[in-house]
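To keep things clear, I will list the structure first and then write my remarks on it.
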Amino acid sequence: METVLHSFSYTLEFIREQVADVPEQQMIAQPEGVRNHPLWTIGHIAFACEMLGSVIGVEEWLPPCWGGRFGFGSVPSTDPSMNAPKAEALTMLKEAETRISNAVRYLDSKMLDQPFPEESYIKVFPTIRHAITQVLIGHTAYHSGQIGVWRSAMGLQPMRRSYE
């Protein structure tokens, strides 16, 4: 699982780089054709990690309101009162990285190969190992790409390095 954790960490670092130059007030902007703004995306990734963490014994750490604001099926809002400040969102993302990475490092093959406990996800996540891989790599990279599209739609300078 170290390869998965490496890719996860790399992608999160790229996300942090993509928003480093974005002022607080722009973090919730929704340019034409781009619904998911960076603040929602960061909150959503942290929330997805907390949900995954609940399957592998990680205690919840996010404020209770984050599920409604950033959870699955939530709608990104441009209302500042419905969003966390940029610094808080980035702190929660770092906390997600730390908690999930620490927990995953200690999972043995027996735990990783158990069926995913939520039956409605079995097709996508047959095992806990599949869920960890998909959420930490696939889901996170997908949303990282959305921030790149958002940057372009906002007319911001491209990143000095590519994701690769």
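Based on DSSP loop calls and a cut-off of at most 16 other Cβ atoms within 10 Å, the longest stretch of the chain free of exposed trypsin sites (Lys or Arg not before Pro) is what?
Longest stretch, sites excluded: 36-122.
Using a cut-off of 16 Å between alpha-carbon atoms, which aspartates and glutamates can reach Lys123, once sequence neighbours fewer than 8 places away in the same chain are excluded?
Those aspartates and glutamates meeting the cut-off are Asp113.
Normalised by the residues of the chain, what does the relative contact order come to in percent, with Cα pairs under 8 Å and at least six apart?
35
Using only the alpha-carbon atoms, how far is helix 86-105 inclined from the longest principal axis of the chain? Give it as 0 to 90 degrees, nearest 10.
Helix 86-105 sits at roughly 20 degrees to that axis.
Given the C-alpha centroids of region 132-164 and region 41-83, what is the distance between them in whole angstrom?
The two parts, judged by their Cα centres, are 18 Å apart.
Of all alpha-carbon pairs in region 2-153, indicate the percentage at a distance above 27 angstrom.
21
At a Förster distance of 25 Å, what's the computed FRET efficiency of Ala87 paired with Ala29, Cβ-Cβ distance as r, to 0.05?
Once the sixth-power term is evaluated, E becomes 0.90.
Values in this text are rule-based calculations from the coordinates and carry no lab data. Just so it is clear, the structure is predicted and the values come from calculations on it, not from any experiment. Cβ coordinates were reconstructed from backbone atoms using ideal geometry, including for glycine residues, and neighbour counts include every protein chain displayed.
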